[in-house]
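Undergrad: What follows is a structure written as C-alpha cells; I'll ask about it next.
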Amino acid sequence: MANLVERVAGQVKARFLAESSGHDWHHINRVWRLTRQIAAEEGANQQIAELGALLHDIADWKFHGGDDSVGPRQAALLLGQEGAPASLIEPVVDIVATISFKGAGVATGMQTLEGKCVQDADRLDAIGAIGIARCFAYGGHAGRLMHDPDVPPVMHQTAEAYKASKGPSLNHFYEKLFLLKERMNTPSGRALAEARHQVMTDFVEQFLAEWGES
C-alpha cells in the first residue's frame, strides 16, 4: 500500500508544486492528511481513500474547458502506469469523477465511504481561513472581481450554469462555501466543519462592514 501511495504522491507533487490558483500540491497534501484522519475515524479503506485524495484534482474541470471526464481518465492512466490493479483503479476513479461541487441545486453524493471521506476532506480545505485564501486566489487567477454589490449571488440549479458562472469571488461564499457545512458526509467531517464555517461567516461580516454594506 504505502509504496503505491508514495509513488503516486511523488508524481502529483511534481506536477502541482508550482500551481498558483489554490489547487496546488499543498492543497492536495492537506486534503490527503485530512482524508487519512477522517478515513481512520470512519473505518474506511485507507488505500482507496488516500489515492482518491491524491488524485482528486489531477485534472480539474475548471482548467480543462469544463470537461469533467479528463480527471478520471488521467487518474486511471496514472494508476495503470503504476501497476495498480483494476479492483483498485475503479473505486479511485469513481471518487475523482464524482467529488466536485456542481451547484447549489445539484446533488453530488458519494456512493462509497472512501469517497465520502475524500469529499469531506476536500470541502474542509475549501472553508475556514485557508478556504478564504483559496477563494480569492482562484478569483484572481480567473480574472474575477473581489466583490460587486450590484451582482447578486446565484444559487445555480444545474452543473452547466455553475460552470458558466463568472460572478465575483465574494458571491462564491453564498453560492458554495456557506453550504458545505451541511453537506458533510461523515460525523468526523461535520465536527471539523463547525469552526471553519464560523471563521468564514465572521470574515464575510467584517468584509462587508469595511466595504460599507453593513
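Undergrad: Exactly one of these conditions fails for Val204: (1) part of a helix (DSSP H, G or I); (2) modelled with pLDDT under 95; (3) touching a Phe, Trp or Tyr at 6+ places or on another chain (Cβ under 7 Å). Give me its number.
TA: If we test Val204 against (1) part of a helix (DSSP H, G or I); (2) modelled with pLDDT under 95; (3) touching a Phe, Trp or Tyr at 6+ places or on another chain (Cβ under 7 Å), just (2) comes out false.
Undergrad: Of the residues Gln111, Gln157, only one is surrounded by fewer than 18 Cβ atoms within 10 Å (Cβ to Cβ) and touching a helix residue (DSSP H, G or I) at 6+ places or on another chain (Cβ under 8 Å); which? Spell out the reasoning first.
TA: Numbers: Gln157 fails: touching a helix residue (DSSP H, G or I) at 6+ places or on another chain (Cβ under 8 Å).
Gln111 is the lone residue from the list that is surrounded by fewer than 18 Cβ atoms within 10 Å (Cβ to Cβ) and touching a helix residue (DSSP H, G or I) at 6+ places or on another chain (Cβ under 8 Å).
Undergrad: Would you be able to say whether some residue in the stretch 60-67 is under 30 Å from Phe178 (Cβ atoms), buried (at least 21 other Cβ atoms within 10 Å of the Cβ) and either touching a Lys or Arg at 6+ places or on another chain (Cβ under 7 Å) or not basic (Lys, Arg) (or both)?
TA: Taking the stretch 60-67 and keeping what is under 30 Å from Phe178 (Cβ atoms), we get 60-67.
Cutting the leftovers down to buried (at least 21 other Cβ atoms within 10 Å of the Cβ) gives us none.
No, because not a single residue in the stretch 60-67 is under 30 Å from Phe178 (Cβ atoms), buried (at least 21 other Cβ atoms within 10 Å of the Cβ) and either touching a Lys or Arg at 6+ places or on another chain (Cβ under 7 Å) or not basic (Lys, Arg) (or both).
Undergrad: Specify the residue that is nearest to Ile132 (Cα to Cα); the eligible residues are those in the stretch 174-192 that are surrounded by 20 or more Cβ atoms within 10 Å (Cβ to Cβ) and within 14 Å of the chain's Cα centre (by Cα).
TA: Among residues in the stretch 174-192 that are surrounded by 20 or more Cβ atoms within 10 Å (Cβ to Cβ) and within 14 Å of the chain's Cα centre (by Cα), the one nearest to Ile132 (Cα to Cα) is Leu177.
Quick grid of which residues meet (1) outside any helix (DSSP H, G or I); (2) at pLDDT 95 or above:
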| position | (1), (2) |
| --- | --- |
| Val12 | no, no |
| Arg15 | no, no |
| His23 | yes, no |
| His27 | no, no |
| Val31 | no, yes |
| Ile38 | no, yes |
| Ala44 | yes, yes |
| Ile48 | no, yes |
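Undergrad: Now a separate question. So in the stretch 124-134, with the set limited to residues that are crowded, with 17+ Cβ neighbours inside 10 Å and at pLDDT 95 or above, which one is farthest from Glu41 (Cα to Cα)? Talk me through it step by step, then tell me what you get.
TA: If we filter the stretch 124-134 for residues that are crowded, with 17+ Cβ neighbours inside 10 Å, which is where we start, we get 124-128, 130-132, 134.
Restricting the remaining residues to those that are at pLDDT 95 or above gives 124-128, 130-132.
Values: Leu124: 16, Asp125: 18, Ala126: 21, Ile127: 21, Gly128: 21, Ile130: 23, Gly131: 23, Ile132: 27 Å.
By that ranking, first place goes to Ile132.
Undergrad: Anything in the stretch 7-17 that is surrounded by 12 or more Cβ atoms within 10 Å (Cβ to Cβ) and out of contact with any helix residue (DSSP H, G or I) (no Cβ under 6 Å at 6 or more places or on another chain)? List them, or say none.
TA: Across the stretch 7-17, the qualifying residues are Arg7, Gln11, Arg15.
Undergrad: Hey, another quick one. Among residues belonging to the stretch 137-148 that are at pLDDT 95 or above and not acidic (Asp, Glu), point out the one that is surrounded by the most Cβ atoms within 10 Å (Cβ to Cβ). First the steps, then the outcome.
TA: The first filter runs over the stretch 137-148 and keeps only residues at pLDDT 95 or above, leaving 145-148.
Of the ones still in play, those that are also not acidic (Asp, Glu) are 145-147.
On the way: Leu145: 14, Met146: 13, His147: 17.
Among those residues, the one meeting the criterion is His147.
Undergrad: Residue by residue through the stretch 193-214, note down the ones that are among the hydrophobic types (A, V, I, L, M, F, W, C) and either buried (at least 16 other Cβ atoms within 10 Å of the Cβ) or under 16 Å from Ile132 (Cα atoms) (or both).
TA: Applying the first criterion (among the hydrophobic types (A, V, I, L, M, F, W, C)) to the stretch 193-214 yields 193, 195, 199-200, 203-204, 207-209, 211.
Within the stretch 193-214, Ala193, Ala195, Val199, Met200, Phe203, Val204, Phe207, Leu208 meet the criteria.
Undergrad: Across the stretch 163-173, what is the number of residues that are crowded, with 18+ Cβ neighbours inside 10 Å and within 15 Å of the chain's Cα centre (by Cα)? Step through it out loud before you land on a result.
TA: Within the stretch 163-173, the subset crowded, with 18+ Cβ neighbours inside 10 Å is 167, 169-173.
Now restrict to residues that are within 15 Å of the chain's Cα centre (by Cα): 172-173.
Within the stretch 163-173, residues that are crowded, with 18+ Cβ neighbours inside 10 Å and within 15 Å of the chain's Cα centre (by Cα) number 2.
Undergrad: So, Ala97, is that one hydrophobic (A, V, I, L, M, F, W, C), touching a helix residue (DSSP H, G or I) at 6+ places or on another chain (Cβ under 6 Å) and buried (at least 18 other Cβ atoms within 10 Å of the Cβ) or not? Don't jump to the end; show me each part of the working.
TA: Working: hydrophobic (A, V, I, L, M, F, W, C): yes; touching a helix residue (DSSP H, G or I) at 6+ places or on another chain (Cβ under 6 Å): yes; buried (at least 18 other Cβ atoms within 10 Å of the Cβ): no.
It is false that Ala97 is hydrophobic (A, V, I, L, M, F, W, C), touching a helix residue (DSSP H, G or I) at 6+ places or on another chain (Cβ under 6 Å) and buried (at least 18 other Cβ atoms within 10 Å of the Cβ).
The values are calculated or read from the model by the stated rules, or taken from the named source; none is laboratory data. Since this is a predicted model, take the numbers as computed values, not measurements. Backbone-built Cβ (ideal geometry, glycine too); neighbour counts: all protein chains shown.
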